[in-house]
Amino acid sequence: MQKLVEIASGVSNGSLSASAVVEQHLARIDVRESEIHAFNLVTADQARLDAAKVDADVKSGKKVGALAGVPIAVKDNMCTRGVETTCSSKILQGWKPPYDATVVTKLRAAGAIIIGKTNLDEFAMGSSTENSAFGPTKNPHDISRVPGGSSGGSAAAVAAGFAAASLGSDTGGSIRQPAALCGVVGVKPTYGVVSRYGLVAFASSLDQIGPFTCDVRDAATLLEVISGHDPLDSTSIPQPAPSLVSVLEHGVAGMRIGRVTDLPEGCEADVLERLESAFDALRSAGATIVDIKLPSIQYCLTAYYLIAPAEASSNLARYDGVRYGNRVDAADLNSMYAATREAGFGEEVKRRIMLGTYALSAGYYDAYYGKALKVRRLISDDFARAYQSVDTILTPTSPSVAFEFGSKTDNPLAMYLCDVFTIPTNLAGHPAMSVPFGTGAHSMPVGVQVLAPTLGEQAMFKVAAELERAS
Amino acid sequence: MSDVAALPNGWQLIVGLEVHVELATKTKMFSASANRFGDEPNTNIDPVTLGLPGALPVLNQHAIELAMRIGLALNCKVQPCTFHRKNYFYPDLPKAYQITQYDNPLNVDGHLMLPGEVRIGIERAHLEEDTGKSTHFGGSSGRIHGSDYSLIDFNRAGVPLVEIVSRPDIRTSEQARQYVAELRSILLAVGASDAKMEEGSMRCDVNVSVHKPGTPFGTRCEIKNVNSIRSVGRAIDYESRRQVDLIESGGTIRQETRHWDDSTGRTETLRTKEDADDYRYFLEPDLVPLIPDPEWIEAVRAALPILPAARRLALAELCGVDKDGESALVVVERGQDDYVGAVISAGGDPRRAVIYVQQAFAEQGATPKVPAKDLAALTILERDAKVTSTQAKTLLTDLIEAGGGDVLAMAAKRGFETLDTSAVEEMVDAAIAAEPGAWQKYCNGEDKALGALVGAVMKSSKGKADGKVITALLQSKKNS
């Protein structure tokens, strides 16, 4: 598989043709997409036009961007001007945004070629892509297994070689968990590092866009391009993009890596075994492993499943059939609302809207939403204490390797547990990334998760690069 | 205006007002779309205004500044604040939530003074966004239920609003009218809003309850759709009588929202508390807390203009009129108080200056075309009885039409040559001789007889003698 940095340097120095690169990726899509279903939409024609333009620019001596000619897939919850953006929901099927998300604008400006919109759990609610209204995505390593979710399409697209990189969004683990299950690198940056403008909101205080790539260097390169302050997003951190590629060779000598001793139970033995070898590898590279406790971690899943649905119930209220998206006509306004939302939303989305509406209702707010906000402060405090004695923390990304289709669909709680290790970072707003680290049961990929404090991306990438060298 | 009598049987009226004003910003509360009234429907829109998926709000700095001006002008404390989402479904609310301020508003704890040193507390003045405007077609009610179809104009959606919430300190409908009028003149003075009730850039919700002094406040009803200062008074008078009548006939007041119908002069139930929405307020995650820099607050405070109440007081002291009287109110409202000051500085008679401007300068705006020195000259001419007050009015009209000029020349052109007192005295003596009966009655203390004598002098002088001078001469002759 061609690396993003190799394509970009080859295209910009003229040794590679962007058009040829795009054709190679489209050819792989032709062969395998029908069984994988990574995409809701492959924008082949536009990709060819964009590639030809990059080649012409190179030929005429124009300066091209850091991602010149790199085919990138974009999760179908990021707005692309004039190109259908569905969130894998029937309610938005056919909707073409009149504007580009900031990340899409940045990709285009850097010369990247957007090759398609990838499948997801409807409105990013799920951990397997089984909640997509348009059918699930298959794991390229074993098509009887899920790719993870909600950004399963983006993870699968990179793992299958359909794109050199992709963008996903991570609200409770939706980048890191599918990255682990598909054997690719996935990064959730610090909240506010990447603009959310144009990302269709699921839970606004938790959502963050990040890259999927084949390796750590590609992830650092892509993250440098898409991050940075955006005046269109009030929660965007007013700081320039962090320098990440520059630290990849720094090693981890002298770094302190946290091992969480009160980690929630229920993790597969193979996954824990891979985590231990990761600690060993870092120790051999000169890092110190420090035991830490995160006592509030046991409440995080519960708190998350109040906060995220509460925000979602508000964010998804706009899909009412009045202005855009699909409408089911009915005799009066309230019946039209009900019929539209009944037909337009899938079961999991409805479940979360109900849950969130309830959690915010008068008389229940304090007991549910209010309490969840307290847990959010507690876990932040836990992390703050821990980061006094460590630079980064290492945990499993997912408690298990990729599971088989249908194995958790009847039990929402079992599905929610997929995110038990990833959710705490979202609640704290911290960065975390999943790095492939060998295989587990059924020879499926295992990822380990590197956590860091707010704006600790450099430390996180140093550790991730070291793990990659050791794997 | 007929003031409705106080409520019967010792009932006391309690009123609080919630006034929404659209801010005079160039762009909307959270986006770069134009904030302009009267444009083609759905032209001032963008992804943020329409609440398109993925769009995010960004605070308008100018809106914050205008809201701070309002708060400071109302003696509020300006404080760090947050934004919340108020969730409800309605077609003209594009995101299905309104971004507003909830438990931490920008401005709190202010007050506004009414004539007679009546202090009305201001609980808060917070920022929020307006909704789109729905128009319902077909059906009888003009409301969405029962209509054939509805059209929505999103030009108004996202327009910045400040909601000014008074404490329930208002005790009469007259005070309520004065409150709205005073608030409006403050908003205009600080340039925060054009405050046009007829265009909806200033809208009042009126909370009305009644109680007997010494007992707790009664259950209140909120009245919506009150679109003029006059309606504020009428709605309160109607609603308070309705409540008293209902209680006295054994009923109880339900907490509800009522609709004012200006054509029938009545309020009617819009919705009761039971079917009120649960707005599920929560902190708006797309915005960060707004923490105005203390230096910014002080700069805004320092740049505030002198407020209407202070200007009325200054004008009243300068001209010797009542600070709560019509002249001071009208002249300051039109912003002509500086002009009156200039007329006085040019040697004009203070009292005449303010009254001339009040009565004749309604169309002139804050900077009348007539040079201050010309108007000053006219007031002196009248004060010194060189022209009669009737002639002075004519000359004032001439002066306004000509946009200024030499008043003496204008008087001469009109033939208003001045009569000296000796000439008038001769005519007075002639009139006494010609009307001995009237003179006798006048000397016996019948003041009614004065008219005939003055009239006779006026007639012989062909209107050129000053009535005041004639009266003074008659008076002195009677006393001598």
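Could you say which residue among A:V70, A:V74 is within 13 Å of chain B (Cβ to nearest Cβ), at pLDDT 95 or above, within 23 Å of A:P189 (Cβ to Cβ) and in contact with a Gly (Cβ under 9 Å, 6 or more places away or on another chain)? Step through it out loud before you land on a result.
On the way: A:V70 fails: within 13 Å of chain B (Cβ to nearest Cβ).
Result of the check over A:V70, A:V74: A:V74.
Taken over the stretch A:339-364, the residue count meeting the criterion of being of a type in the set (G, A, S), touching an Asp or Glu at 6+ places or on another chain (Cβ under 9 Å) and away from chain B (no Cβ under 13 Å) is 2. For A:I353, the conditions (1) touching a residue at least 60 places away in the same chain (Cβ under 8 Å); (2) hydrophobic (A, V, I, L, M, F, W, C); (3) touching a Leu at 6+ places or on another chain (Cβ under 8 Å) all hold with the exception of (1). Of the residues making up the stretch B:91-103, those that are assigned to a loop (DSSP other than H, G, I, E, B) and either under 29 Å from the mean Cα position of the chain (by Cα) or charged (D, E, K, R) (or both) are B:D92, B:K95, B:Q101, B:Y102, B:D103.
Matching residues to (1) surrounded by fewer than 21 Cβ atoms within 10 Å (Cβ to Cβ); (2) farther than 14 Å from A:Y299 by Cβ; (3) modelled with pLDDT under 95; (4) under 28 Å from the mean Cα position of the chain (by Cα):
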{"site": "A:A343", "(1), (2), (3), (4)": "yes, yes, no, yes"}
{"site": "A:E348", "(1), (2), (3), (4)": "yes, yes, no, yes"}
{"site": "A:M354", "(1), (2), (3), (4)": "yes, yes, no, yes"}
{"site": "A:A359", "(1), (2), (3), (4)": "no, yes, no, yes"}
{"site": "A:A362", "(1), (2), (3), (4)": "yes, yes, yes, no"}
{"site": "A:K371", "(1), (2), (3), (4)": "yes, no, no, yes"}
{"site": "A:L378", "(1), (2), (3), (4)": "yes, no, no, yes"}
{"site": "A:D381", "(1), (2), (3), (4)": "yes, no, no, yes"}
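Residues in the stretch B:277-322 that are buried (at least 20 other Cβ atoms within 10 Å of the Cβ) and within 14 Å of chain A (Cβ to nearest Cβ): B:R280, B:F282, B:E284, B:P285, B:D286, B:L287. Only residues that are touching a helix residue (DSSP H, G or I) at 6+ places or on another chain (Cβ under 8 Å) and closer than 25 Å to B:S228 by Cβ were counted across the stretch B:247-275, and they come to 7.
Give the residues of the stretch A:329-371 that are assigned to a loop (DSSP other than H, G, I, E, B) and within 19 Å of B:K95 (Cα to Cα), sorted by residue number.
Residues of the stretch A:329-371 that are assigned to a loop (DSSP other than H, G, I, E, B), as a first pass: A:329-332, A:345-346, A:361-365.
Passing the criteria: A:F345, A:S361.
For the stretch B:63-92, name all the residues that are within 11 Å of chain A (Cβ to nearest Cβ) and in contact (Cβ under 8 Å) with a residue 40 or more places away in the chain. Before the answer, list the steps.
Restricting attention to the stretch B:63-92, the residues satisfying the condition of being within 11 Å of chain A (Cβ to nearest Cβ) are B:83-92.
Passing the criteria: B:F83, B:H84, B:R85, B:K86, B:N87, B:Y88, B:Y90, B:P91, B:D92.
Can you say whether B:A73 is surrounded by 19 or more Cβ atoms within 10 Å (Cβ to Cβ), at pLDDT 95 or above, in contact with a helix residue (DSSP H, G or I) (Cβ under 8 Å, 6 or more places away or on another chain) and not β-branched (V, I, T), as far as the supplied structure shows? Against the criterion (surrounded by 19 or more Cβ atoms within 10 Å (Cβ to Cβ), at pLDDT 95 or above, in contact with a helix residue (DSSP H, G or I) (Cβ under 8 Å, 6 or more places away or on another chain) and not β-branched (V, I, T)), B:A73 qualifies. Of all residues in the stretch B:105-129, those satisfying the criterion of being within 22 Å of B:D278 (Cβ to Cβ) and touching a residue at least 40 places away in the same chain (Cβ under 8 Å) are B:R124, B:H126, B:E128, B:E129.
State all residues of the stretch A:169-212 that are in a loop (DSSP other than H, G, I, E, B), within 14 Å of chain B (Cβ to nearest Cβ), farther than 21 Å from A:T302 by Cβ and of a type in the set (S, T, N, Q); if no residue qualifies, say none. Scanning the stretch A:169-212 gives a single hit, A:S195.
Residues that are surrounded by fewer than 21 Cβ atoms within 10 Å (Cβ to Cβ) and either of a type in the set (V, I, T) or in contact (Cβ under 8 Å) with a residue 12 or more places away in the chain (or both) were ranked within the stretch A:326-338; the one that is farthest from the other protein chains (Cβ to nearest Cβ) is A:V328.
Residues that are over 41 Å from the mean Cα position of the chain (by Cα) and not hydroxyl-bearing (S, T, Y) number at least 2 in the following helices (runs of 4 or more DSSP H) confined to the stretch B:377-480: B:421-434, B:436-443, B:450-461, B:467-479. The residue that is farthest from A:R351 (Cα to Cα), counting only those in the stretch A:95-134 that are within 13 Å of another protein chain (Cβ to nearest Cβ) and surrounded by fewer than 21 Cβ atoms within 10 Å (Cβ to Cβ), is A:T105. Checking each residue in the stretch B:356-392 for being among the hydrophobic types (A, V, I, L, M, F, W, C), crowded, with 20+ Cβ neighbours inside 10 Å and farther than 24 Å from B:L329 by Cα picks out B:A377, B:L381, B:V387. Only one of A:A278, A:A303 is buried (at least 16 other Cβ atoms within 10 Å of the Cβ), more than 14 Å from every other protein chain (Cβ to nearest Cβ) and either within 17 Å of A:F202 (Cα to Cα) or modelled with pLDDT under 95 (or both). Can you tell me which? Checking each option against the conditions leaves just A:A303.
The values are calculated or read from the model by the stated rules, or taken from the named source; none is laboratory data. Quick caveat, the model's predicted, so the values are computed rather than measured. All Cβ positions, even for glycine, are placed from backbone atoms using ideal geometry, and neighbour counts span all protein chains on display.
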